[in-house]
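Below you'll find the structure, written out as structure tokens, and then a few comments.
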Amino acid sequence: MGLRCAIPKGRPMEDLLPYFEALGGARAWRDVSRKLILVDEELDITFFLAKSMDVPTYVEYGAADIGIAGKDVLLEHDKRVVELLDLRLSQCELIVAVPDDSGVQKVTDLHFNSRVATKYPRVAEEFFNSKGIQVEIIPMNGSIELAPLVGLADAILDVTQTGRTLRENGLRIVGSVAKSSLRLIANPVSYKVEFARIRELVDKMRRLVEAEVQVS
Amino acid sequence: MKHTIVQTPRGAKDILPKEAYFKSRLEQRAGELIEAWGYSRVYTPTFEFYDALAQADGHVLADILYRFVDREGATLALRPEMTIPIARMVATRYHRDDMPLRLYYIGNVFRYAEPQAGRYREFTQVGIELVGAAGPRADAEVVSVAAAVLEGLGLTSFRLDLGHIGFFRGLVEAVSDNRAAGALNEALLAQDYVRYEAVVRESDLPEERKQALLALPTLRGDGSVLEEARRLAQGSDGALRAVDNLAAIYQLVKAAGLGERVGIDLGITKDLDYYSGFLIEGYTPELGFTLASGGRYDALIGRFGQDFPATGFAFSIERAMLALDRQGWREPPPPPPAIFLIADEGDQARLFEFAAFLRRRGLRVEVDVSGMAPGEALAYAVKKQIDKVIRVAGERDGRPQIEEILPDGARRQGSIDDVLGS
């Protein structure tokens, strides 16, 4: 049986396409339509198209042997998965931002009754605790930039690639939490059972990643 | 209604008869299999002094203990695993002449952690501890018992990987920065090989040591891995000793005919710091998580006052059940009672007299306690897969008069011997 690989739908999948093409596969990816399972016969991999936040869950339970997930998602979910390779794709940063007109210049200026809106409540709790800052964390599901604009929060902890969305919404970065990029992950037992196949894939992808980095 | 009245706490569950029967059968079989190797069962308290449990591995266990205070103000905790309580027991109740000691346990343990894939906050562990023997023979016995028990329970495709904590510890000895050594251990434990690689590359280790550490996550496979490991361990006495020790254990395990079941994985690490030597991890492709785990812990018992080397392994019954279930195992249900007895209101005493008579003859009998009519009794017997419905109706010559209610509702009068004989 081929490997089962969970990948995030949408933008990360577009970033990944050239890599899997370079490995000699991904023909099945072109006609994605609404399918959620793509059988890639060239690579002998079955791809599951999942929401990016769910990829580690598929892998933790072994429904998928391997997966590709953002480090931001891995940090938030703390799943028992093996992290094999930094693909250096979909690079972004977890940051703390405040409205332009806020008096806050750095993260430590946030005080005990500041409210921070975020899609990453766990990361936020750990980050602020490690800085010794007590804030109220407001978990949200999307459009985090809206929260400070309407007075729901004083700051946000969110992911940004270019900072454009932040600027467009009148937000300013005051601190960096962590850097993120796509990671190749594996279920711990699959990593044992399918060791040779997974290692082979890791080695091939590592060569692609390193070649890519040297070009840019 | 308040949810705290009708729900079980997160991570805890009720076990209803079908599952309970499967579980108790597995526990019973596991116990018998282990006893065949000369191990004796022990029980330890469900709760211990917090200090005793934290003594062993304060920093790891403190986070996951269920703690509470007794009326004298002492802090107690529910046991999160069984090895530490048994280490305390051995150090305080046994002497040098009692060694080697072969003990086993089946008991519930409690961990206040996020319920994970295949693990509740309360679950049942089965395990063995072989105390008082330091050499590879004892470790090879632990591996052999693990294989025998898992196989004896019906698991078909499990594998056991052997590792050694001394290999990694030997390789990182030369790291001068304690923080870097800690970070390496943490990354290896989390199997975050991206971070692990970054920390190795940034460390102040000599190049060949870096190469050895980078190869660690790939050092798995059959016995040939040990040769590769020995090559990489050059220059580290600790790592070399670990490879030699593991090779000796592996050789014995192979001689026992377990070559197909057992592999080498030098990437195995443990979150508990009491492990001091060989490590074992059991898994099966049906489950995405470890099935069994253990290893050597020579320094643990000494923390309770008397030093004894020791080694052991444990597995969770729930995970074994899950793996068996995925494998298609269906535990046959317990045999139902053979006879369902009913009687009219006036014949209650005769009903009990007759039931007692049948039970003395070794028959499995269920007595109607809700006043069922013959039709209802038939339907009930079908549902419970009970063979016969018998009605006690009056008496003749001082003996209960009985009739069998046949599946079509007809009645067949008869003597006791008629009914029982047919």
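Brief remarks follow.
- If you go through the stretch B:205-233 and keep only what is open to solvent by 30 Å² or more (accessible area, probe 1.4 Å), more than 14 Å from every other protein chain (Cβ to nearest Cβ) and under 29 Å from residue B:258 (Cβ atoms), you end up with B:227, B:230, B:231.
- For beta carbons closer than 7 Å, sequence separation of 6+ or different chains, a first residue in the stretch B:286-299 that is more than 9 Å from chain A (Cβ to nearest Cβ) and over 16 Å from residue A:81 (Cα atoms) and a second that is aromatic (Phe, Trp, Tyr) and open to solvent by less than 10 Å² (accessible area, probe 1.4 Å), the qualifying pairs are B:292/B:313; B:292/B:315; B:293/B:313; B:294/B:313; B:295/B:278; B:296/B:278; B:297/B:274; B:299/B:274.
- Check on residue A:108, farther than 22 Å from residue A:14 by Cβ, facing chain B (nearest Cβ under 10 Å) and β-branched (Val, Ile, Thr): no
- Residue match in the stretch A:170-178 (condition: within 14 Å of chain B (Cβ to nearest Cβ), within 25 Å of residue A:59 (Cβ to Cβ), open to solvent by less than 50 Å² (accessible area, probe 1.4 Å) and touching a residue at least 40 places away in the same chain (Cβ under 8 Å)): yes
- The residue of the stretch B:112-128 that is farthest from residue B:38 (Cα to Cα), among those that are within 14 Å of chain A (Cβ to nearest Cβ) and outside any strand (DSSP E or B), is B:114.
- Those helices (runs of 4 or more DSSP H) lying entirely in the stretch B:289-385 with at least 1 residues in the same structural domain as residue B:88 (by TED's automatic domain parsing): B:317-326
- Counting the residues of the stretch B:254-284 that are closer than 24 Å to residue B:240 by Cβ and open to solvent by 50 Å² or more (accessible area, probe 1.4 Å) gives 3.
- Of all the listed residues (B:46, B:124, B:83), the sole one being among the hydroxyl-bearing types (Ser, Thr, Tyr), open to solvent by less than 50 Å² (accessible area, probe 1.4 Å), in contact (Cβ under 8 Å) with a residue 24 or more places away in the chain and farther than 22 Å from residue B:309 by Cα is B:124.
- Residue B:240, sole failed condition from (1) in contact with a Gly (Cβ under 8 Å, 6 or more places away or on another chain); (2) of a type in the set (A, V, I, L, M); (3) open to solvent by 10 Å² or more (accessible area, probe 1.4 Å); (4) within 13 Å of chain A (Cβ to nearest Cβ): (4)
- Taken over the stretch A:102-131, the criterion of being exposed (fewer than 15 other Cβ atoms within 10 Å of the Cβ), over 13 Å from residue A:174 (Cβ atoms) and out of contact with any strand residue (DSSP E or B) (no Cβ under 8 Å at 6 or more places or on another chain) is satisfied by A:111, A:112, A:122, A:129, A:130.
- Where strands (runs of 3 or more DSSP E) fall entirely within the stretch A:1-75, those with at least 2 residues that are farther than 30 Å from residue A:123 by Cβ and open to solvent by 20 Å² or more (accessible area, probe 1.4 Å) are at A:37-40.
- The listed residues are B:355, B:349, B:343, B:377, and the only one of them that is at pLDDT 90 or above and either within 30 Å of residue B:156 (Cβ to Cβ) or open to solvent by 50 Å² or more (accessible area, probe 1.4 Å) (or both) turns out to be B:349.
- Summed over the stretch B:175-190, residues that are free of Cβ contacts under 8 Å to residues at least 12 places away in the same chain and either within 22 Å of residue A:87 (Cβ to Cβ) or within 14 Å of chain A (Cβ to nearest Cβ) (or both) total 2.
The values are calculated or read from the model by the stated rules, or taken from the named source; none is laboratory data. If you're wondering where the values come from, they're calculated on a predicted model, not measured in any experiment. Here the Cβ is made from the backbone with ideal geometry for all residues, glycine too, and neighbour counts use every protein chain on show. Remember, those area values only see protein heavy atoms, side chains included, never the ligands or the DNA or RNA. Shrake-Rupley method; radii C 1.70, N 1.55, O 1.52, S 1.80 Å.
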